[in-house]
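Notes follow the structure.
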Ligand SMILES: Cc1cc2nc3c(=O)[nH]c(=O)nc-3n(C[C@H](O)[C@H](O)[C@H](O)COP(=O)(O)O)c2cc1C
């Protein structure tokens, strides 16, 4: 599929069927994230694959976004491996993790697997539920699965600002 068409067709799926995501598709999605660019190629991302009923129950205690997801990929970064900008110390962790998540989200769609990016979760709860050490920072989560029959794009999906509002050529 043409990339731009894939990017336009993808929407946040907020109702999943009970069908599990096959291992080969999961592996493909994880590989797409693994090869994502990161600052200085430090690859600080750590991806939690949440798929057992026990692990999914832990995830559901961390967020109010529940869509009958069958799989969740929680992308974190390692504070001890993340790149820092020398002149102000700012780190690339959120950006690195977000690029990984974006690769996963689009690769999933290509394979017919739906997802919704979840930021509305409690990172401290994720750390506690999944026993994460202090250097691991949860950034983003993809709730995933096959779209249920009633799944449909939200009104927000089709509502994009005009290019004139978001793209600035040469000068403000
Ligand atoms: C950084 C980020 C955080 C998001 N957090 C949530 C969330 O916590 N819960 C949710 O239901 N959707 C969340 N979304 C999905 C957005 O609401 C959705 O992408 C947006 O409304 C556009 O709709 P579309 O993805 O269907 O095109 C998030 C998306 C992004 C990129």
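Coordinate-derived values only; no laboratory data. All of these numbers come straight from a predicted model, not from anything done at the bench. When we count neighbours, we look across all protein chains shown, and the Cβ atoms used for this are built from the backbone with ideal geometry, even at glycine.
Observations on the model:
- When you restrict to C-alpha pairs under 8 Å that are six or more residues apart and normalise by the size of the stretch 70-168, the relative contact order lands at 38 percent.
- Solvent-free Debye calculation, one equal scatterer per alpha-carbon of the stretch 67-106: log10 I(q)/I(0) at 0.16, 0.18, 0.29 Å⁻¹ equals -0.50, -0.59, -1.00.
- Gyration tensor over alpha-carbon atoms, the stretch 111-172, equivalent ellipsoid semi-axes in Å: 31, 23, 10
- Gaussian network model of the chain, Cα within-10 Å springs - most flexible of 36, 57, 143: 57
- Relative contact order (percent, whole number), the chain, Cα cutoff 8 Å, 6+ residue spacing: 34
- Gaussian network model of the chain, Cα within-10 Å springs - most flexible of 91, 162, 150: 162
- Values of log10 I(q)/I(0) for the chain across q = 0.14, 0.15 Å⁻¹ run -0.80, -0.90, by the Debye formula with one identical scatterer at each alpha carbon and no solvent.
- Projected label distance in nm at residue 19 and residue 172, using a 7 Å step from Cα toward the beta-carbon: 4.8
- Helical content alone sets the calculated 222 nm signal of the chain at -9500 deg cm²/dmol, taking -39,500 (n - 2.57) per DSSP H segment of four or more residues and averaging over every residue.
- Highest-fluctuation residue, 18, 122, 155 considered, GNM on the chain with Cα pairs under 10 Å: 155
- Förster radius 35 Å - calculated FRET efficiency between residue 87 and residue 157, Cβ distance, rounded to 0.05: 0.35
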